[in-house]
Amino acid sequence: MAKLVVNQFFARETLKVAKDLIGTILTFGNCSGRIVEVEAYTNDEASHAHRRTDRSAIMYDTFGHVYVYFIYGMYHCLNFTTEKSQSGAVLIRALEPLSGIELMKKRRDVEDVRKLCNGPGKLCQALAIDLKLNGTRIGDKVKLIEGSRGEVKTSPRIGIKKATDLNWRFFEAGNPFASRIK
DNA sequence: TACTGGATTCACT
DNA sequence: GTGAATCCAGTAA
């Protein structure tokens, strides 16, 4: 397993980055998990990337950085910024927990491993990700390691679902750790 | 300064 | 399937 070349990886089209993130190992602190579901946000109206504000400026100014935002007064969502020349980001929607599982269980107050990280808010809670992480470089606190993908073209099987007109969800087909696909 | 809505989750029916 | 919880960011005035 190789450490991912962040600059090269995230400078590409958001949709390609999103697809290639499936199967990648994400580590933060003592916990790690395999990314099994993501959502690509390009410059469309449903996305924070549509309008430049103080909060969303990071998506215009950077790629390969962590973008965390707070939603519904209760949850955080973890994104990675993409594309060199325009705004874009990939929301991490679900992880398959690999290590630090006991810690995640404690944080989530849940015993069922499948329910630890099968949602954007849940995985942030399990990994203790909050706004303090916003703006940090990928590879700094949050690290990514190529998993079963990388050179592999055929597996894992990647499912694609349209979320909005321009946004797409990518998930590992048949993986029980992926969140509910609506 | 005040108001509004949201890329979610979970309990309840 | 429905609705409540909850608070920050964005917007209007």
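FYI, it's all coordinate maths here, none of it is from the lab. Being a predicted model, the structure only gives us computed values, none of them experimental. With ideal geometry, Cβ positions are generated from the backbone for all residues, glycine too; neighbour counts draw on all protein chains shown.
Is chain A best put as rounded, prolate or oblate by its Cα gyration tensor, with a ≥ b ≥ c the root eigenvalues, rounded for a/c under 1.5, and otherwise prolate when a/b is larger than b/c, oblate when not? Please report the intermediate quantities before stating the final value.
Details: a/c = 1.37, a/b = 1.20, b/c = 1.14.
Because its axes are fairly even, with a/c under 1.5, chain A counts as rounded.
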Item to check | Set of aspartates and glutamates with alpha-carbon distance to A:LYS106 below 18 Å, sequence-local pairs under 8 removed | outcome: A:GLU96, A:ASP130
Next on the checklist: Give me the percent relative contact order of chain A, please, defined on Cα pairs under 8 angstrom at least 6 residues apart.
Outcome noted: 30
Item to check | Label-point separation in nm, A:ALA2 to A:ASP44, each point 7 Å along Cα→Cβ | outcome: 3.2
Next on the checklist: Sort A:34-44, A:123-133 by the packing proxy (mean of other Cβ within 10 Å over each peptide's residues), most packed first.
Outcome noted: A:34-44, A:123-133
Checklist outcome for this item: If R0 = 35 Å, then A:ARG12 and A:LYS106, at their Cβ-Cβ distance, give a FRET efficiency to the nearest 0.05 of 0.40
Checklist outcome for this item: The lysines whose Cα lies under 16 Å from the Cα of A:LYS143, excluding any fewer than 8 residues away in the same chain, are A:LYS3, A:LYS132
Checklist outcome for this item: Row for the range A:94-152, column shape: gyration tensor on C-alpha, a ≥ b ≥ c, rounded if a/c < 1.5 i.e. under 1.5, prolate if a/b over b/c, else oblate; value oblate
Item to check | Expected 222 nm ellipticity per residue - DSSP helices of 4 or more, -39500 (n - 2.57), all of chain A, to 500 | outcome: -4500 deg cm²/dmol
